[in-house]
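The structure appears right after this line, and notes come after that.
The values are calculated or read from the model by the stated rules, or taken from the named source; none is laboratory data. Here the structure is a predicted model, which is why all the values come from computation and not from measurement. Cβ placement follows ideal geometry from the backbone for every residue including glycine, while neighbour counts extend to all protein chains displayed.
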Amino acid sequence: MSSGALTAFVASTRTASGTRPRRAAPKALSTVSETIDNAFGARLRDLVADPLRVLVTNIVSVPLDTLVFLLVAFGSLEFFWGQIEAKLAATVVLGIPLVLALRRALDRPLPVAAT
């Protein structure tokens, strides 16, 4: 699961000093996050179970995309650990169950219409 929703929320808020994030941050973050998720996720797809694949790709991508986002948006790493904690929690609470539900839905055979 990508961390885009959390990033959009952070991008809409102000820092403690009252500054708003720079507009290039979401695009930079999206590029980094999706590239890492796809590069690792594709290699792990048939090697490990889906929950482990989601967790491993996010353990790799979350710190990197957080670093890029915070530096581009705020020029500071003030919220680094809070961002990582929230994004990894979202992975466990939302990402893994969503991937499992989608996998189950896609693995079901399509019903055959009676003629």
For this session: Just give me the residues in segment 70-86 being of a type in the set (Gly, Ala, Ser) and in contact with a Pro (Cβ under 7 Å, 6 or more places away or on another chain), in sequence order.
Result: ALA73
Problem set entry | Pairs with Cβ under 9 Å, 6+ apart, first in segment 76-87 and of a type in the set (Val, Ile, Thr), second surrounded by 12 or more Cβ atoms within 10 Å (Cβ to Cβ) | ILE84/VAL62; ILE84/PRO63; ILE84/THR66
For this session: Evaluate the following for ARG53: is it touching a Lys or Arg at 6+ places or on another chain (Cβ under 8 Å), modelled with pLDDT of 80 or more, under 23 Å from LEU100 (Cβ atoms) and of a type in the set (Lys, Arg)?
Result: yes
Seminar exercise, completed: Selection over segment 42-62 where residues are within 17 Å of VAL32 (Cβ to Cβ) and surrounded by 16 or more Cβ atoms within 10 Å (Cβ to Cβ) yields a count of 4
Seminar exercise, completed: Condition set surrounded by fewer than 15 Cβ atoms within 10 Å (Cβ to Cβ) and out of contact with any helix residue (DSSP H, G or I) (no Cβ under 6 Å at 6 or more places or on another chain), scope segment 72-91, selection nearest to ARG45 (Cα to Cα): answer is ALA89
Exercise. Regarding PRO26, is this residue modelled with pLDDT under 85, out of contact with any Pro (no Cβ under 8 Å at 6 or more places or on another chain) and assigned to a loop (DSSP other than H, G, I, E, B)?
Worked result: no
Seminar exercise, completed: Of the listed residues (LEU52, LEU71, LEU67), the one being among the hydrophobic types (A, V, I, L, M, F, W, C), free of Cβ contacts under 8 Å to residues at least 24 places away in the same chain, within 14 Å of THR31 (Cα to Cα) and part of a helix (DSSP H, G or I) is LEU67
For this session: Assess whether GLU78 counts as being part of a loop (DSSP other than H, G, I, E, B) and at pLDDT 80 or above.
Result: yes
